[in-house]
Amino acid sequence: MKIETSENKKGTLITVETGQKIALAVYSNGEERIYLPGRGGQDSTYYTEDPDYLTSTDSGYRVSHPEEPEEIRVIS
């Protein structure tokens with residue numbers, strides 16, 4: 001499993017190369033944000049206002065996080 005981050009227009013793009021289904025816990029500014037796999041419009045996350053989801057890619061997942069993460073943990 002490989003995790004990479006890069007800057008983008010929305011903040012930080014987090015890319016995870018993996019062959020398994022995962023979720024991410026991202027920590028920044030003393031707060032935790034959980035990203036679950038899904039598509040917009042699904043109620044598969046506990047964030048109810050404008051949720052962001054892990055988007056599936058050919059090699060794993062990606063998500064845009066609004067800030068620079070202090071820590072990223074993979075939840076499998």
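The values are calculated or read from the model by the stated rules, or taken from the named source; none is laboratory data. Given the structure is predicted, the values throughout are model-derived calculations rather than measurements. Glycine also receives a Cβ, built like all others from the backbone with ideal geometry; neighbour counts cover every protein chain displayed.
The table below lists the values:
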quantity	calculated
Count of residues meeting criterion [assigned to a loop (DSSP other than H, G, I, E, B), among the small types (Gly, Ala, Ser) and at pLDDT 85 or above] in region 25-76	2
Pairs with Cβ under 9 Å, 6+ apart, first in region 21-33 and surrounded by fewer than 17 Cβ atoms within 10 Å (Cβ to Cβ), second among the acidic types (Asp, Glu) and part of a strand (DSSP E or B)	Ala25/Glu32; Ala25/Glu71; Tyr27/Glu71
Residue, farthest from Pro66 (Cα to Cα), within region 5-24, restricted to residues that are charged (D, E, K, R) and part of a strand (DSSP E or B)	Glu17
